[in-house]
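Peer 1: Pasting in a structure now, in structure tokens, and then I'll have a few things to ask.
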Amino acid sequence: MPARPSAPTALPDPRETAKTRARLIDSFGTDGDLLSLGVAIARVVEMTSSEDEATQNITYYVLADVGLTQKILRLANTVFYRSATNAPVTTISRAIFLLGLDTIKTTALALLLVDNLANSEHAEAIRSELVEALCASLIGRELARQSSLQGAEEASIAALFHNLGRMLMASHEHALYEQIGALTTLTDNPVQAAIQTMGCSYEFLTETVLRSWNFSELLVQAQDRLPPGTLKPSRNRQEWMRQVVTFSAEAARLVLQSKDAVSSPHSAALLARYGSALQLDLARLTQLFAVVGREIGQVVTSLNLMPNVQDPGASGLRAPSTLPNALKLATMATHTVLTSARHDSGKPLNARDLLLDGIQAATQMMGSSNVKPSALILLVVETLYISMGFRFAAACVRDVRSNSYRAIVTMGERHVERQTRFCFPLASSSDIFHLAMENNADLMIEDVSSTSIRDLLPDWHKQLLPDTRSIMLLPLVQGKNQYGVFYADRCQPASDGISSDEAALIKTLIGQMMTAICPRGAK
């Protein structure tokens with residue numbers, strides 16, 4: 001860390017600090033980059049607010065960002081998260097299943113902060129604040145899991161943004177940030193140091209920015225300072241959120257700065273202040289610190305937040321000596337599935353392995369007692385889309401209300417726009433879709449440009465996907481019941497074809513999808 005400047009010897013003029021506060025609020029409220037960041041963050045929070053659509057929304061969001069996809073998969077493939085089967089994680093759907101929606105959501109939000117704040121000349125200070133925010137978020141998530149309150153999981157997001165004011169000052173007003181740090185070192189009163197230097201507390205600055213980003217009042221007010229002394233159990237969710245957010249921030253600093261956080265005198269102080277309110281005793285605190293201490297290392301590494309500190313005694317990079325062992329060990333490389341080598345059609349050379357990984361993931365998901373059919377369908381579609389290198393893929397099922405077959409899950413190019421238009425009538429026809437279902441025939445068409453094939457494509461398909469060159473069409477049929485089709489295409493001919501092993505694995509995946517689509521007991 002760079003040496004801190006000396007703290008001021010005289011108290012600043014209150015009129016000057018008032019001007020500083022007004023300038024900061026105006027600056028952060030009108031900065032175009034920060035406003036764009038706020039819009040992006042609000043979008044992630046909003047898209048995960050609907051329980052029914054959250055998994056699908058966040059899957060699409062992650063897949064649209066190659067960098068985020070790789071970081072999520074890297075995190076899911078760490079030893080801490082890898083399932084008992086030790087099978088590699090190759091799809092975002094399975095990563096969500098293993099990591100949990102809250103972890104994926106927090107990681108996506110954290111990456112937005114990383115990408116927008118960490119690439120400056122003051123990267124070290126910003127990185128330190130980001131790591132602390134991530135650790136606090138993990139603590140908040142663990143406390144939320146133990147709570148019976150509805151919407152408790154929002155504590156993880158609230159904790160992640162608790163030191164947003166500090167992050168913004170470190171990145172945009174670093175000189176003032178350093179002055180506050182220096183004054184805090186002398187006075188041991190961070191709130192007073194911030195007020196004397198910039199005219200307001202960090203909490204006030206955080207709340208002001210979060211409101212400008214249209215965060216809910218629940219998340220904004222969760223940043224409020226708590227009264228001093230021993231805290232009593234909360235009377236409502238708002239008060240509980242405040243307790244969790246502040247505890248998470250204080251506990252995060254302890255976890256990151258101490259090799260044995262539980263034995264630290266600060267740990268006893270935390271228990272004395274928060275123990276009754278959050279139902280924490282020494283055993284639960286020890287377990288909490290152990291889980292978070294292991295997990296934060298994996299998250300920090302997956303987001304490339306480890307400082308590039310060169311060790312003179314060894315080749316390569318090492319973590320700074322102030323980090324606990326859990327973080328030092330986390331700098332080791334983790335497994336990432338490579339899918340870059342491809343056939344001319346776009347199909348990965350390791351398609352068979354990727355299909356097999358998907359089957360194992362679906363099998364594990366099917367064995368879970370609380371898995372939703374929509375999550376299983378999403379996993380199968382994503383597996384087929386990624387494993388075979390398709391341009392666009394869709395699971396299309398029977399919708400009696402609209403008297404049509406409609407796409408319920410899509411992946412790939414312009415998938416949102418195309419999903420709304422990917423539908424065709426239930427009534428029998430001589431087009432390729434109805435023929436595949438009526439004959440229960442799996443079709444892999446290498447090149448659709450021939451007249452005999454194009455004549456079988458319905459007009460709606462020619463208008464929606466005019467540049468299609470190869471198609472996979474797999475009927476979702478059981479007995480005499482036609483439930484729909486799985487459709488996928490490429491813009492290139494599929495001259496590489498499908499091996500017998502790949503065909504068998506694809507049929508297995510479609511069978512797994514059918515368990516989610518077909519009503520129980522139907523034949």
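Peer 1: For an R0 of 22 angstrom, estimate the FRET efficiency from the Cβ-Cβ distance between L464 and S495 and round to the nearest 0.05.
Peer 2: With a Förster radius of 22 Å, E is 0.35.
Peer 1: What number of lysine-lysine pairs in the chain show an alpha-carbon separation below 28 angstrom, given a sequence spacing of 8 or more or placement on distinct chains?
Peer 2: 17
Peer 1: Ok, one more. What is the packing order of peptides 134-146, 347-359, taking the mean over residues of other C-beta atoms within 10 Å and listing the highest first? Walk me through the numbers before you get to the answer.
Peer 2: Details: 134-146: 25.2, 347-359: 20.6.
Answer by packing, highest mean first, reads 134-146, 347-359.
Peer 1: What percent does the relative contact order of the chain come to when contacts are Cα pairs within less than 8 Å and at least six residues apart?
Peer 2: Details: 758 pairs, mean separation 67.5, N = 523.
It comes to 13 percent, rounded to a whole number.
Peer 1: Where does the chain land on Rg(C-alpha)/(2.2 N^0.38 Å)?
Peer 2: On the way: Rg = 26.6 Å, N = 523, 2.2 N^0.38 = 23.7 Å.
Normalised Rg, Cα atoms only: 1.12.
Peer 1: Sticking with this structure for a sec: Which angle from 0 to 90°, rounded to the nearest 10, does the C-alpha axis of helix 54-63 make with the longest principal axis of the chain?
Peer 2: On a 0 to 90 degree scale, this one is about 90.
Peer 1: Round to the nearest 0.05 the FRET efficiency obtained for R145 and N304 when R0 = 22 Å and r is the Cβ-Cβ distance. Present the calculation step by step, with values, prior to reporting the outcome.
Peer 2: Values: r = 27 Å, r/R0 = 1.23.
With a Förster radius of 22 Å, E is 0.25.
Peer 1: Of the peptides 506-512, 127-133, how do they stack up when ordered by the mean number of other Cβ atoms within 10 Å, highest first? Display every interim value, and only then the final one.
Peer 2: Details: 506-512: 18.9, 127-133: 21.9.
Highest mean packing first, the order is 127-133, 506-512.
Peer 1: Could you sort C200, C423 by accessible area so the largest value comes first, with the probe set to 1.4 Å?
Peer 2: Details: C200 10, C423 40 Å².
Highest to lowest solvent-accessible surface, that is C423, C200.
Peer 1: Let me ask another. Return one whole number: the accessible area per residue of the chain in Å², for a 1.4 Å probe. Intermediate values should be presented prior to the final figure.
Peer 2: On the way: 23670 Å² over 523 residues.
Heavy-atom SASA per residue in the chain reads 45 Å².
Peer 1: Would you list T286, T420, T48 from the most to the least accessible area, probe 1.4 Å?
Peer 2: Most to least solvent-accessible, the answer reads T420, T286, T48.
Peer 1: Sticking with this one: Run the Debye formula on the Cα coordinates of the stretch 371-523, all scatterers equal and no solvent, and tell me log10 I(q)/I(0) at q = 0.08, 0.16, 0.21 1/Å.
Peer 2: Here log10 of I(q) over I(0) equals -0.20, -0.86, -1.64.
Peer 1: Here is a follow-up. Pop out the carbon and sulfur fraction of the accessible area of the chain as a percent, whole number, probe 1.4 Å.
Peer 2: On the way: 12130 of 23670 Å².
Carbon-and-sulfur percentage of accessible area, whole number: 51.
Peer 1: Taking Cα atoms, how many degrees apart are the long axis of helix 351-366 and the longest axis of the chain, rounded to 10 and kept between 0 and 90?
Peer 2: 70
Peer 1: Moving to a separate point now. How big is the stretch 227-284 in terms of Cα radius of gyration and Dmax, in angstroms?
Peer 2: 11.4, 35
Peer 1: Can you list which of the GluC sites (Glu not before Pro) found in the stretch 27-75 are DSSP loop residues with at most 14 other C-beta atoms within 10 Å?
Peer 2: Numbers: sites: E46, E51, E53; in loops: E51, E53.
The qualifying sites are E51, E53.
Peer 1: Would you mind getting me the FRET efficiency between R342 and D13? Use the beta-carbon distance for r and R0 = 51 Å, nearest 0.05.
Peer 2: Numbers: r = 65 Å, r/R0 = 1.28.
It comes out at approximately 0.20.
Peer 1: Relative to the longest principal axis of the chain, what angle (0 to 90°, nearest 10) does the C-alpha long axis of helix 265-278 take?
Peer 2: 60
Peer 1: If the only charges are +1 at each Lys and Arg Cβ and -1 at each Asp and Glu Cβ, what is the size of the charge dipole of the chain around the Cα centre, to the nearest 20 debye?
Peer 2: Details: 47 positive and 51 negative charges, 192 e Å.
Once rounded to the nearest 20, the dipole reads 920 debye.
Peer 1: Could I ask something else about it? Over the stretch 175-298, what is the relative contact order in whole percent, taking alpha-carbon pairs under 8 Å and six or more residues apart?
Peer 2: On the way: 92 pairs, mean separation 20.7, N = 124.
Reported as a whole number, the value is 17 percent.
The values are calculated or read from the model by the stated rules, or taken from the named source; none is laboratory data. Note that the structure is a prediction, hence the values are computed from the model and not measured. Note that each Cβ is placed from the backbone with ideal geometry, even for glycine, and that neighbours are counted across all protein chains shown. To get the accessible areas, we keep the full protein, side chains included, count just its heavy atoms, and leave off ligands, DNA and RNA. Shrake-Rupley method; radii C 1.70, N 1.55, O 1.52, S 1.80 Å.
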